[in-house]
Every structure is written in structure tokens, then in C-alpha cells.
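Working notes, structure below.
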Ligand SMILES: [Zn+2]
């Protein structure tokens, strides 16, 4: 069995002290490939060398809405230069998106649209962050975005899920589904076509049930797989194989 963690921030400071051990534990848990998204222009300078050091990492470049105060409009121009320069190496534009709990929504929206357009222009998928913005995000993707991408940490209704699926996008499934109380998300994830799902941990965030308050890491991903297999009433092996194919197709 091989698992692909399609969203983890392994370059973050939280892993500086024991990154090698974290990757070793992941491999022992069959998690052998990782997508590490970009979040700020400054962070790209740490991410890109790490991604070339670890051959099991894929990486993306983008400007995350959590750091909206830090981003400059010129960072988008730099993003364009880097996408050009790193063609063939950078596999997605992300993590980008809209977050209603972050300040400066107009600026968020402006940067989001410009990054969607860049992804389309470079024929790269996008990694989408959202909070209380799913419908707005869908409209923007439809109008400006590339043909494919992933809705990171999808949490919405079945109807919302299907709108993204019909658009050709995948839904990122993480630790949320290990919590019984996440009924709406669990129901939506249960019913969408299996071809539209990928697994992710969002390490160091989003701990799985039973590990609240701890740093999350990719070696916990089998618990997400187990929860998903139960939810969809299928075998873990079959599921893992399909999810691997979905992930590789997304970030080819
Ligand atoms: Zn993230």
C-alpha cells in the first residue's frame, strides 16, 4: 500500500527539529509522497531547497490568505517569475484562497483571482483554502481558474461538493472525518464519486480524533484512510489504490 499526503506543511518550523524522523515514521506508515504548499514569498525560499533535498516531496507556490497583511501585489509578479523559472518542478499553485476570518477581504480576493489566472496560464492545478467562502470560491474558480485543483479540507454539503466535482476538482479529506460530530462533511464525503477524493493531513494542524492538542504528522494518515474506508464501506487496500491514482493524476 502507498499513501500520498496531498497537503502537509512539512517545511514549517514545527518540523525543524525532527523532520527526518517525521518522514521516517511516515514511510513506516506507508505514506511515501507529500505535497507541500507555499504560503508566503519569504517561505518559498525555505520550501524550494527542502523540496529538492527530499525527493518524496512535491511542492506548490502560492500566497495563503492567512498571511494577507504580509503579501504585496508585487509578490504575485514574483510568483509568475518563479512559475516560469521552475516549470516542470513546481506542481501546483497553492495554497491560495479566501478566508472570512482573516482581514482585508478585498485584497484577498484580488490576489486570489490573479493566482487563479496564473495557474490557468501555466496549466497547473490549484490548492484551495476556504473558510465560510465555499460558494464564492466556486464562482471564482469557474470564472478564472484552471481545469483542476483540490479543495483542501473540504467541509460543506453534498450539493456543494458536487459543484466542485462537476468542475473537475478533487476534495481533500483529512482528520475531520475521524470526528463523529462532523456529520455534514462525513455525509458529503460518503456520497461523492471516489475518483474525486484525495487524502491529506494538513500537518502540523488538524489533528485526528484521539490526538487533539498534539502536533499532527503524516504518519497519522492511515487513521484517516481507516475512517474513510468505514464510511464508504470499502476495503482500505482498494481505497488506497484509487486515492493514490487520484493524487498522482492531480499533481502529474
Ligand atoms: Zn495548508
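Bear in mind that the values in this text are calculations on the coordinates, not laboratory data. Here the structure is a predicted model, which means the values were calculated and not measured. Please note: Cβ atoms are built from the backbone with ideal geometry, for glycine as well, and neighbour counts cover all protein chains shown.
Calculate the FRET efficiency for residue 184 and residue 18 from the Cβ-Cβ distance with a Förster distance of 41 Å, rounded to the nearest 0.05.
It comes to 0.70.
In deg cm²/dmol, rounded to 500, what helix-only [θ] at 222 nm does the chain give when every DSSP H run of at least 4 residues adds -39500 (n - 2.57) and the total is split over its residues?
So the helix-based figure for the chain works out to -13500 deg cm²/dmol.
Which residue fluctuates the most in the chain, going by a Gaussian network model with Cα springs under 10 Å, if the choices are 36, 173, 224?
In the Gaussian network model the winner is 224.
Calculated FRET efficiency, residue 77 and residue 55, Cβ-Cβ r, R0 35 Å, to nearest 0.05?
0.70
Contour minus end-to-end for residue 132 and residue 84, with contour as 0.36 nm per residue of separation and end-to-end as the Cα-Cα distance?
14.0 nm
Ratio of the range 141-252's C-alpha Rg to 2.2 N^0.38 Å, to two decimals?
Here the answer is 1.02, to two decimals.
For the chain, what log10 I(q)/I(0) values come out of the Debye formula at q = 0.16 1/Å, with one point per alpha carbon and no solvent?
Rounded to two decimals, the profile gives -1.19.
With a cut-off of 8 Å between alpha carbons and a minimum separation of six or more residues, what is the relative contact order of the range 71-194 in percent?
20 percent
Which order do 33, 136 fall in if you start with the one that has the fewest other Cβ atoms within 10 Å?
Lowest to highest Cβ neighbour count: 136, 33.
Given a Förster radius of 35 Å and the C-beta distance between residue 100 and residue 211 as r, what FRET efficiency does 1/(1 + (r/R0)^6) yield to the nearest 0.05?
E between residue 100 and residue 211, to the nearest 0.05, is 0.80.
In percent, what relative contact order does the range 3-250 have, based on Cα pairs under 8 Å that are 6 or more apart in sequence?
It rounds to 19 percent for the range 3-250.
Can you grab the distance from the C-alpha centre of the range 46-100 to the C-alpha centre of the range 188-202, Å, no decimals?
Using only Cα atoms to place each centre, the spacing works out to 24 Å.
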